[in-house]
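**Q** What follows is a single structure, and I will ask about it in a moment.
Values quoted throughout were computed directly from the atomic coordinates according to the rules given, and no laboratory measurement underlies them. Treat the numbers as computed from the prediction; the structure is a model and nothing was measured. Heads up, the Cβs are rebuilt from the backbone with ideal geometry, glycines too, and the neighbour counts pull from every protein chain shown.
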Amino acid sequence: MRRRAVIAGIGALFTSACSRLSDSKAGEALLSAAEDWHRKAHRLLGGRGALAREFDRADISPFFRGNGSTDPDSAEYKAAVQNGFADWRLAVRGLVNNPLSLSLADIAALPQRTQITRHDCVEGWSAIGEWTGPQLALVLEQARLKPEARFIIFHCADRLAGKPYYESIDLADALHPQTIVAHRLNGEALPVRNGAPLRMRVERQLGYKHAKYLTAIEAVAKLDGIGQGKGGYWEDRSGYQWYAGI
Amino acid sequence: MKRHALPPRLWHWLNLACVTGLFMSGLNISNAHRRLYWGEWGFAPEDAWLFVPRFPGWMTIPGHYDLAAARDLHVLLAWPFAIGLLFAWAAMMLNGHFRRDIMTSTAEWRPAAIWRDIVQHLKLDFTHHGSKYNFLQKLAYGTVLGILLPLMIATGMAISPGMDSAWPWLSEIFAGRQSARSIHFLTAWAIFAFFVIHIALVLLSGPVRQIRDMICGGEA
C-alpha cells in the first residue's frame, strides 16, 4: 500500500510540476528556449527562405472559416464597411526612412502575388484558400527600412476583450516571398469574416500571426513597450508562443 | 552482467516521463478542437471523421484548459523525447541489443510458435527459454520502438507549419496535415494501449522484481 502511495505521489508531483513550470523564472526561460530551438531547427533544416507548400485550385476548401474577430463592432469599422473601404489607409511607419500612407488603390497598383496556401489554426483545424496581394517586402522596400529595424508590427482595427489586436514577426518572415498584404481571397475582395479590407499572410506560422483588419505596419528594434511586450495580442493575453511555426 | 544495462534503464524512465507529459498535455491540446479530419484541410463538423470527447482535467496537463501552457510543455518535452529515442536506437543498433534481444527470427513467425507463445502468456507463464524476451514481447517492443514512437515524432513534425515549409514531403507522406493530426492522435492512444498491457504484465509477472530491476539493473 505504501509503495502504491509513493508511486501515486511521484505521479502527482510530476504532473503538478509540469503544470507549474511556467510559474518560475527558470521554467519560463526553459520554455522560451525550447520555442527558440524549434525556430532555429526549422530554419536550419529548410533554410530561412523555405517556402510553404502551395496547392492547386482543386484543393481550395469550399468555405474559409473565420476565427477570433469575425465582425469588428467599432463605429469606424462599421462606417468603413458601409462605404466599401474607400477611405481605408494603411500606414507604414516606425523605423523607416520614408513613411507611407497607402490607399487600397495604391496597394492594388503594386505588383501582386497570388498563392494557394493552407491556413493552420493553433486550435488544430486547417483551411485552404487563394490569397492575392503585394509582398510585404515590396512595401518595406518603398518605405526603406532603417538598419536598426528588427521586427515588423501589424496594427489592426479589431479589439478582442477590449484590447487592440496586434501581431509581430521578425525580418526573416517579413521579407519572405510568401508574406503578403492580402486583399483578395479566392478571387474576391476579402470578406469581413477573414479580415477585410487587408490582412497579413505569414504562411510558415499559425493563424494568429496573420493579423486581420490591418491599419498600420510599424518597423521597430524591439518588442518592448508595444502591448504588454510579448509581441502579439494572444502572446500578451494567454502566453501563446511568439514563434508560431510549431 | 546486469539484466538491464544502465543506458536503457535511464532511457526507459526518461521516456516514461516524456511520454506521460506529452500524452497529458496532448489531451489538453485536443480539447481546443475536438474533431479529426482526413486530408489537408478540415474545420467543420461535416468534414470530420471523429468527434473526440472532451478530456477531463485529471487527464490533462495543466489540469484545466490552457492551450498555451499545454503547447509550451508539449513542444519542450518533444526535444528530450525525440533526442532520447534517437540515442536509444543508435545505442541498440551499435551494441547489438536490437539484434540479440528484439529482432525476431523467421522461426518465431511460424503460426505454431506464435500460438505456443500466446498460450504460454494466457497461462501467465513468463519463463523465457533461451532468449531474453519471448516473441510477443519482441513484437510489442519492436512495434513501440520502431513504429509508434517514431510515428509520433514524424506526425508531430508534419503538423507544424514551420516544419511543413522546411520538409514539405513529410505531410505529403501522411496525405495531408489533417491526416497527420489524426494519425498523431490514434498513435498516441495506441501507445497508451501498450502502456496498459505493459503495466498489467509487469503486475502479473512479479512487479517488485520487475520495477527494481528496471531501476537497479538486476541479475542477468
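**Q** Which residues does a label at B:ILE147 reach in region B:167-182, if reach means a backbone N under 19 Å from a point 7 Å past the Cα toward the Cβ?
**A** What the label zone holds, given the 19 Å backbone N cut-off, is B:173-175, B:180-182.
**Q** Please report, to one decimal in angstroms, the Kirkwood hydrodynamic radius of region B:76-190 built from all distinct Cα-Cα pairs. It would help to have the intermediate numbers written out before the result.
**A** Working: mean 1/r = 0.0612 Å⁻¹.
Evaluated over region B:76-190, this radius sits at 16.3 Å.
**Q** Same structure, new question: Take each of the peptides A:217-225, B:69-77, average the number of other beta-carbon atoms within 10 Å over its residues, and list them starting from the highest.
**A** Numbers: A:217-225: 16.6, B:69-77: 24.1.
Top of the packing list down: B:69-77, A:217-225.
**Q** May I ask you to derive the FRET efficiency for B:LEU94 and A:ASP71 from their Cβ-Cβ distance with R0 = 51 Å, giving the value to the nearest 0.05?
**A** Numbers: r = 60 Å, r/R0 = 1.18.
Between B:LEU94 and A:ASP71 the formula returns 0.25.
**Q** What shape does region B:6-216 have by the C-alpha gyration tensor, where a ≥ b ≥ c are the square roots of the eigenvalues, rounded means a/c under 1.5, and otherwise prolate means a/b greater than b/c and oblate the rest?
**A** Working: a/c = 1.80, a/b = 1.70, b/c = 1.06.
Since a/c reaches 1.5 and a/b is larger than b/c, the shape of region B:6-216 is classed as prolate.
**Q** Decide, for region A:53-238, between rounded, prolate and oblate: order the square roots of the alpha carbon gyration tensor eigenvalues as a ≥ b ≥ c, take rounded if a/c falls under 1.5, and otherwise choose prolate if a/b is larger than b/c, else oblate.
**A** Values: a/c = 1.24, a/b = 1.19, b/c = 1.04.
Rounded.
**Q** Longer than 26 Å from Cα to Cα, which of B:LYS2/B:LYS138; A:LYS78/A:LYS230; B:LYS2/B:LYS123; A:LYS146/A:LYS209 are they? Say none if no pair is. Please list the in-between numbers first.
**A** On the way: B:LYS2/B:LYS138 19 Å; A:LYS78/A:LYS230 29 Å; B:LYS2/B:LYS123 28 Å; A:LYS146/A:LYS209 23 Å.
In this structure, A:LYS78/A:LYS230; B:LYS2/B:LYS123 lie more than 26 Å apart at Cα.
**Q** OK, next. Residue by residue through A:9-21, how many Cβ atoms from other chains fall within 10 Å of the Cβ on average? Before the final figure, lay out each step's value.
**A** Values: counts 0, 1, 1, 0, 0, 6, 9, 3, 2, 14, 12, 2, 7.
Going residue by residue through A:9-21 and averaging, the value is 4.
**Q** Please compute the modelled spin-label separation between A:GLN112 and B:ASP101, points set 7 Å along Cα→Cβ, answer in nm with one decimal.
**A** Here the modelled spin labels are 6.4 nm apart.
**Q** Using the beta-carbon distance between B:TYR133 and B:ALA17 and R0 = 30 Å, what value does 1/(1 + (r/R0)^6) give for FRET efficiency, to the nearest 0.05?
**A** Working: r = 23 Å, r/R0 = 0.78.
Taking R0 as 30 Å, the efficiency between B:TYR133 and B:ALA17 is 0.80.
**Q** On to the next question. In peptide B:11-20, how many Cβ atoms from other protein chains are near each Cβ within 10 Å, on average? The partial results should precede the final answer.
**A** Values: counts 0, 0, 0, 0, 0, 1, 3, 0, 0, 4.
Per residue, the average neighbour count from other chains is 1.
**Q** Within 10 Å of each Cβ in B:148-161, how many Cβ atoms from other chains are there, averaged over the peptide? Write out the running numbers ahead of the final one.
**A** Working: counts 0, 0, 0, 0, 0, 0, 0, 0, 1, 5, 0, 4, 9, 18.
Per-residue shielding by partner chains comes out at 3.
**Q** Between A:ARG193 and A:ALA79, how many nm apart are label points set 7 Å from Cα along the C-beta direction?
**A** It is 2.8 nm.
**Q** For the pair B:ALA220/B:LEU124, report the inter-label distance in nm, with labels modelled 7 Å from Cα in the Cβ direction.
**A** Label-label distance for B:ALA220 and B:LEU124, simple model: 3.1 nm.
**Q** Moving on. To the nearest 0.05, what FRET efficiency results for A:ASP236 and B:PHE194 with a Förster distance of 41 Å applied to their C-beta separation? Mind showing how you got there, number by number?
**A** Details: r = 41 Å, r/R0 = 0.99.
Computed FRET efficiency for A:ASP236 and B:PHE194: 0.50.
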